Amino acid sequence: MGEHAEFLSKVVEFARWAIRGSCWEGLGLDGGDVQEKAVELGLIVPCGKDCKAFAAQGCECEEAGQGFAFSPGLEEATDA
Ligand SMILES: [Zn+2]
């Protein structure tokens, strides 16, 4: 499986998990559950010491290294 196909399969797995767990089976997923699953699938990554470099990817931690940011594959789509 190519790198992109592998990434896409993680996104699909995450979407199915989130929809099933929150809408259909009503497991009451909270932010912690979502974060844990996203980390497991590599969709978000710890920002680490280079937090500022991750700001554009969504990290909003107050102290570098305490937060998470979208992984490179999840950057916002642009028209560029
Ligand atoms: Zn950070």
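No value in this document is a laboratory result; all are computed from the given coordinates. Everything numeric here is computed off the predicted structure, so don't read it as measured data. Neighbour counts run over all protein chains shown; Cβ positions are idealised from the backbone, glycine included.
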Residues meeting the amide H criterion for Ile44 (H placed from the backbone, H to H distance under 5 Å, 5 or more places apart or on another chain) are Val39, Ser71
Filtered hits (lysines, Cα-Cα < 22 Å from Lys10, offset >= 8 within chain) -> Lys37
Here the FRET efficiency for Lys10 versus Gln66, based on Cβ atoms and R0 = 22 Å and rounded to 0.05, is 0.35
Filtering chymotrypsin sites (Phe, Trp or Tyr not before Pro) in the range 3-64 by DSSP loop and by at most 16 other Cβ atoms within 10 Å leaves none
Along the range 32-38, Karplus-curve 3J(HN,Hα) (6.51, -1.76, 1.60; θ = phi - 60°) to the nearest Hz, with x for Gly and Pro, reads x, 5, 5, 5, 4, 5, 5
With Ser22 itself left out, Lys, Arg at +1 and Asp, Glu at -1 over residues whose Cβ is under 10 Å from its Cβ give -2
So, with points 7 Å from each Cα along the Cβ direction, the Asp50-Trp24 label distance in nm works out to 3.8
Partnerless cysteines (no other Cys beta carbon under 4.7 Å) identified across the chain are Cys23, Cys61
The relative contact order of the chain, taking Cα pairs under 8 Å that sit 6 or more residues apart, comes to a percentage of 22
